[in-house]
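What follows is a short report on a single structure.
Derivation of every value follows stated rules applied to the coordinates shown; laboratory data play no part. Here the structure is a predicted model, which is why all the values come from computation and not from measurement. Cβ sites come from the backbone with ideal geometry, for glycine too, and all protein chains shown count toward neighbours.
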Amino acid sequence: MPEKDASTATAVERALNILEATAQRRDGMNNSEISRRLAIPKSSASYILRVLDRRGYLRRDAQTGRYRLGLKVLSLGRDAQAGVDLAGVNLVDVAQPFMRALSEKIHMTVHLAVLDQGEAVYVEKVEAPGFFKINTWVGRRMFLHSTSVGKALLAWMPKNEAEAILRQQGLKKRTPKTIVSVPRLVADLERVRQLGHAVDDEENSLGARCLGAPIFDAGGNVAAALGVSGTLTQTDENNMPRIVDALKDAARKISRQTIKAGALGA
């Protein structure tokens, strides 16, 4: 690769790394933090930050000097969300009414996630009614082994594909309760298949318990996962059966509606 092309590729990669790192910090990051965390020379980071700020992908707080994601990112997110298709059917559009109904029924936050590059990505979210809010957002990327939607995506995946993802991503410890042993994860995924739903019991975030169920396509493959998130009190042993039944029922309805819409549009 010519030197100029290599330099351009490096700058593009650095810009993308900066956007991804900034997205993970709700309070933003300053030039020094970005330079240190991403091992980018401070002068190079400063130049890229100015360009991203000027184009609207980042915004700089004049008082603190910290950069946060800009509103321009929202337009990209909407375009990506609109592209979540299954057999020519927009999965988000199909799922939304069922997600709203589920959230109203169980009073919990509901997420729709798909598999992308070995991670689970939220492509839609319905916030629970009330004052308690879950700190999640559309576009958030998560590990498969530590989340309920991730386990739901993994459990019905061909064994060789699942093993390849786990080798690439590893079993990173998110909390003291995260499963970091392959035999334990394999056993957990077997339970997921038997029960028809997955549980993240404080494995990704302490104080939160999440449940996930698969959404299937016409070929019987898992195309997405429907998840609900709440506090330990919301998901105690008294409430759990009702929540699980409602979640699985909503996931089945989304699967049927998606397959039906795809058949009609074929």
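Table for the structure above
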read-out: Alpha carbon centroid spacing (whole Å) that separates the range 92-168 from the range 208-257; value: 10 Å
read-out: Residue among Val192, Val149, Val12 with the largest mean-square fluctuation in a Gaussian network model of the chain, springs linking Cα atoms under 10 Å; value: Val12
read-out: GNM top mover of Gly207, Gly219, Gly230 - the chain, alpha-carbon springs below 10 Å; value: Gly219
read-out: Dipole magnitude of the chain, debye to nearest 20 (Cβ charges: Lys/Arg +1, Asp/Glu -1, about Cα centre); value: 700 debye
read-out: Lys/Arg +1, Asp/Glu -1 at C-beta; the range 3-70 dipole; positive extreme among Leu19, Gly65, Met29; value: Gly65
read-out: Within the chain, longest stretch clear of exposed GluC sites (Glu not before Pro) (DSSP loop, no more than 15 other Cβ within 10 Å); value: 1-126
read-out: Dimensions (Å) - the chain, Cα atoms, principal axes, largest first; value: 55, 46, 40
read-out: Value at 222 nm in deg cm²/dmol, rounded to 500, when DSSP H runs of n ≥ 4 in the chain each add -39,500 (n - 2.57); value: -15500 deg cm²/dmol
read-out: Beta bridges per DSSP with both ends in the chain, % antiparallel, nearest 5; value: 100 percent
read-out: For the range 184-223, average projected area of the Cα convex hull in nm²; value: 3.3 nm²
read-out: Max mean-square fluctuation residue, GNM over the chain, Cα-Cα springs under 10 Å, options Gly170, Gly118, Gly220; value: Gly220
read-out: Net dipole in debye of the range 3-70 [+1 Lys, Arg Cβ; -1 Asp, Glu Cβ; about Cα centre; nearest 20]; value: 260 debye
